[in-house]
Amino acid sequence: MEGSRDYAYYKEHAQDVKLEDITSSVRNKNIMQKLRDGNSDFKDSLYILDEPMEDDDCEFIVQQSDDLGWLGYFVGENKRLGGLFIKCYLPPGTSFIEGICRNRSIESLHIDCDVGDYLSLGSMLGNNSNLNSLQVGYSIGNAHDFAVALGQRSYLKDLNFENLDLLDDLSDEEMSGIAQALSAQPQLEDIRLESIGLEGNGWAALSTTFMAWGRNSKLKKLDLSLNNIDDEGLQSLLRGIANCRNLVELNLSGNSQITVAGLRALSGFFQSKSCRLESLNLASMGVDDERAIVLATG
């Protein structure tokens, strides 16, 4: 049990705590020790999981007797860890997230669970200058706090919402808030929003974000595949995308609701001076000869 511990407690007892008393297995104990000792084994990634993925020595499999407060502390203090993948249940009140947010070496963070403490996560985004990649692949519990976290200026270059079905869990207003929060991230170069369930107002909010970036936009790749974007949504998005002067790759595949009207708007974007596209993916959108002509000629 973690009890009421703060950072000062963990720091005071870090070298004396018996790792076998706070872990459920020899592997988990060894991982804790390597983190505490700054072992170079974690130059790449650490996986914190409910169930094994590849039965690898870098997989910390969480059981009831594992103390996540200590794990978070040792992750936070480690100066070699390059990647962190989290897919486990985090009990309410755990100080795990608060602990890992002190880390300054992690370059890639993959979250596949409800972390709960998104406000602390926001401080990690703002304070870790090495953290350039964030992937979120789970339903978001507190949309407001998540938006606040994304609204912190960060060093992120890659943002990936992987099959994050926002529509099932969040209101249209909450989804729009998350899209608007990205206005603080004009340095992003690669955004992947595949199959996330945004609707009309969400796409309009994302378009507004792109417009707010203006000439500060560094966006090069945008993946909006499998999102049921319709003509109105595409037309709205294009008004914002036109401000992304560095965009060279756009993926709209699987958005089969887009008709000739939407493609005509896309054609107009092609012919604009702001378009720098080198790659466009329109797979599984029913682009026949007629629609191809519309794309080519407007």
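Computed values, structure above
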{"item": "Region 1-144: relative contact order in percent, alpha carbon pairs under 8 Å with at least 6 residues between", "result": "19"}
{"item": "Among beta bridges that DSSP assigns inside region 45-189, antiparallel share in %, nearest 5", "result": "0"}
{"item": "Dipole magnitude (debye, nearest 20) for the chain, charges at Cβ of Lys, Arg, Asp, Glu", "result": "1660"}
{"item": "Inter-label distance for N246 and E232, nm, one decimal - labels placed 7 Å from Cα along Cα-to-Cβ", "result": "3.3"}
{"item": "With DNA, RNA and ligands ignored, accessible area of Y118 (1.4 Å probe; Å², nearest 10)", "result": "10"}
{"item": "Overall form of region 32-90 per C-alpha gyration tensor (a/c, 1.5; a/b vs b/c)", "result": "oblate"}
{"item": "Per residue solvent-accessible surface (Å²) - region 142-298, probe of 1.4 Å", "result": "46"}
{"item": "For region 64-187, size of Cβ-based charge dipole, Lys and Arg +1, Asp and Glu -1, in debye", "result": "800"}
{"item": "Gain in span if fully extended, N216 to S274, counting 0.36 nm per residue against the direct Cα distance", "result": "19.5 nm"}
{"item": "Acute angle (nearest 10 degrees) that the helix 231-241 long axis makes with the longest principal axis of the chain, alpha-carbon atoms", "result": "70"}
{"item": "Largest-first ordering by accessible area, 1.4 Å probe, given options L277, L46, L119", "result": "L119, L277, L46"}
{"item": "Carbon plus sulfur fraction of accessible area for region 257-296, probe 1.4 Å, in percent", "result": "50"}
{"item": "Added length on full extension, which subtracts the Cα-Cα distance from 0.36 nm per residue, E51 to K18", "result": "9.4 nm"}
{"item": "Residue of E77, E98, E54 that the Gaussian network model of the chain assigns the largest fluctuation, springs spanning Cα pairs under 10 Å", "result": "E54"}
{"item": "Length-normalised contact order for region 231-279 - Cα pairs under 8 Å, 6+ apart - percent", "result": "57"}
{"item": "Estimated D of region 197-240 in µm² per second, where Rh is the Kirkwood radius over Cα pairs and Stokes-Einstein applies at 37 °C, 0.692 mPa s", "result": "302"}
{"item": "Selection from F74, V260, N142 lying farthest towards where the dipole of the chain points positive, charges on Cβ", "result": "V260"}
{"item": "Length-normalised contact order of the chain in % [C-alpha pairs under 8 Å, at least 6 apart]", "result": "10"}
{"item": "Nearest-ten-degree value, helix 260-270 long axis tilted from longest Cα axis of the chain", "result": "80"}
{"item": "Surface per residue (accessible, 1.4 Å probe) for region 1-112, Å²", "result": "53"}
{"item": "From the coordinates shown, Cα extents along the principal axes in Å corresponds to which of (i) 63, 49, 48; (ii) 72, 35, 33; (iii) 50, 50, 41", "result": "(ii)"}
{"item": "Sulfur and carbon atoms: percent of accessible area, region 28-158 [1.4 Å]", "result": "40"}
{"item": "Sites Y7 and V148, calculated FRET efficiency, Cβ-Cβ separation with R0 22 Å, nearest 0.05", "result": "0.50"}
{"item": "Nearest 10 degrees, 0 to 90: helix 68-77 Cα axis against the chain principal axis", "result": "80"}
{"item": "Spread of Cα-to-Cα distances over 10 Å intervals beginning at zero, given as percent, for region 127-261", "result": "13, 47, 35, 5, 0"}
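The values are calculated or read from the model by the stated rules, or taken from the named source; none is laboratory data. Keep in mind it's a predicted model, so treat the numbers as computed, not measured. No Cβ is skipped: glycine too gets one built from the backbone with ideal geometry, and neighbour counts run over all protein chains shown. With ligands, DNA and RNA removed, areas are computed over all heavy atoms of the protein, side chains included. Shrake-Rupley method; radii C 1.70, N 1.55, O 1.52, S 1.80 Å.
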